[in-house]
1. Going by what's in this entry, would ILE238 be described as assigned to a loop (DSSP other than H, G, I, E, B) and either among the β-branched types (Val, Ile, Thr) or at pLDDT below 95 (or both)?
2. Considering only residues that are out of contact with any Ser or Thr (no Cβ under 6 Å at 6 or more places or on another chain), of a type in the set (A, V, I, L, M) and open to solvent by 20 Å² or more (accessible area, probe 1.4 Å), look in the range 249-267 and name the one that is farthest from LEU301 (Cα to Cα).
3. Within the range 1-60, work out how many residues are open to solvent by 70 Å² or more (accessible area, probe 1.4 Å) and not polar (S, T, N, Q).
4. Show the residue pairs meeting these rules: Cβ distance below 6 Å; 6+ apart or different chains; first residue within the range 87-101 and assigned to a loop (DSSP other than H, G, I, E, B); second residue among the acidic types (Asp, Glu).
5. VAL137 versus (1) hydrophobic (A, V, I, L, M, F, W, C); (2) surrounded by 24 or more Cβ atoms within 10 Å (Cβ to Cβ); (3) within 16 Å of HIS316 (Cα to Cα): which is the lone unmet condition?
6. So, in the range 329-356, of the ones that are under 27 Å from GLY229 (Cα atoms) and part of a loop (DSSP other than H, G, I, E, B), which residue ends up most open to solvent (accessible area, probe 1.4 Å)?
7. If I go through the range 304-328 residue by residue, how many of them are closer than 15 Å to VAL164 by Cα and outside any helix (DSSP H, G or I)?
8. Is it true that GLU359 is in a loop (DSSP other than H, G, I, E, B), at pLDDT 95 or above and among the acidic types (Asp, Glu)?
Amino acid sequence: MKAIAITPSVAGVKLVERDEPRVEAEDDIKIKVLRVGICGTDREEDAGGRAQAPSGQQDLVIGHEMFGLVEETGGAVTRVQKGDYAVFTVRRGCGNCLPCLMNRPDMCRTGKYTERGIWGQDGYQTEHVVDKEQYIVRVPRDLESVGVLLEPLSVSEKAIDEAVRVQSARLPDFQSTPLWLFGKRCLVAGLGPIGLLAAMTLRLRGAIVYGLDVVDSSTTRPQWLTAIGGQYVNGKTITPAQLGNTTGGMDLILEATGVPLVELNLLDALGDNGVYVLTGIPGGDRPLQIDGAEIIRRLVLKNQVMLGSVNAARDHFQMAVEDLQSAMRSWQSLVQALITHRYTPGQSTQAFESHEADEIKTVIEWSETS
């Protein structure tokens, strides 16, 4: 079967042949891959960045944003059956620490996890994949056209869920507001797919959503944000401090830029008792000069929380399924419009190396749906 692979630390993707996997264990599930999304992590791998091939292999099949059709299951499988749509999660636990043993490898304590398509395990940019039932999430048929968005949405779901859990544990008035995010001022920084999906999730919960980026307001992503009821903030003309002074401090900030200076400057927009969750991972090692004393004073005197969130567990994928269904009921054509570019496996070089101005989500189409 065909697959898209890289040689870690070497720039460029290539179309390769791999043996088709088989169901061998009672909890195995075989999926026919329909489409796989491309994100910044994939493009970093394509450029020769962080990646690791499976032990004993020179190449790594990339891709972690998958969606497909269940073809075959082992005899003990109950979560899905042949003909179901489904996705597999990404991270595989170390097998030693308690979070991983509880199927929460996103919170691995040892750092010895693997990630399909990224670190130590082949990914999903291929025709067929096999994995274990504990990593499967069934996808309703009404999400067939947008199911490939579930992995990036799961990242946003985890970040928002963690922020709300932190606030529930420390705010004395939290329990008096059953839907805490309703009416809260929330800033999403970086309007890539994760940022836009986070904005969508927050709007579903009734939040007042501001989206910060540095592109013209007439371009695709700000227009999409506005269409779901968000408000666009051009970071070229409005600083985080100016935004906070104009609107009032943000109750929640979700960062998805991966730009260190921006990430730190966003604290200027965070309000009293606010929570700030970071999802962007900066590249490079260029040093920054920051006013550390001022940052610490602000965090302490304003009761602010700053936390990081990475990857997602199966429960977050399930949250993503439920929210994606809600979003399709409210904004079906807009949600479908998030997938802006489609390529065949034979066009993989173009798909990975092109980055057009109107792109939101690019996918590789591996097979027609049935």
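1. On the way: assigned to a loop (DSSP other than H, G, I, E, B): yes; either among the β-branched types (Val, Ile, Thr) or at pLDDT below 95 (or both): yes.
Yes: the conditions hold for ILE238.
2. Initially, the range 249-267 is screened for residues out of contact with any Ser or Thr (no Cβ under 6 Å at 6 or more places or on another chain), giving 249-255, 257-267.
Okay, now just the ones that are also of a type in the set (A, V, I, L, M), so 250, 252-254, 259, 261-262, 264, 266-267.
Restricting the remaining residues to those that are open to solvent by 20 Å² or more (accessible area, probe 1.4 Å) gives 259, 261-262, 264.
On the way: VAL259: 26, LEU261: 22, VAL262: 22, LEU264: 17 Å.
The qualifying residue farthest from LEU301 (Cα to Cα) is VAL259.
3. To start, the set of residues in the range 1-60 that are open to solvent by 70 Å² or more (accessible area, probe 1.4 Å) comprises 2, 9-11, 14-15, 17, 19-20, 22, 24, 26, 44, 47, 50, 52, 55-58.
Filter again for not polar (S, T, N, Q), leaving 2, 10-11, 14-15, 17, 19-20, 22, 24, 26, 44, 47, 50, 56.
Here the count works out to 15.
4. VAL90/GLU115
5. (2)
6. Of everything passing the filter in the range 329-356, HIS355 is most open to solvent (accessible area, probe 1.4 Å).
7. Pass one, the range 304-328, residues closer than 15 Å to VAL164 by Cα: 304-309, 316, 319.
Okay, now just the ones that are also outside any helix (DSSP H, G or I), so 304-309.
So the answer is 6.
8. Values: in a loop (DSSP other than H, G, I, E, B): yes; at pLDDT 95 or above: yes; among the acidic types (Asp, Glu): yes.
It is true that GLU359 is in a loop (DSSP other than H, G, I, E, B), at pLDDT 95 or above and among the acidic types (Asp, Glu).
The values are calculated or read from the model by the stated rules, or taken from the named source; none is laboratory data. Because the structure is a prediction, the values reported are computed rather than measured. Methodologically, a virtual Cβ is constructed for each residue, glycine included, from the backbone with ideal geometry; neighbour enumeration extends over all protein chains shown. For accessibility, only protein heavy atoms count, side chains too; no ligands or nucleic acids. Shrake-Rupley method; radii C 1.70, N 1.55, O 1.52, S 1.80 Å.
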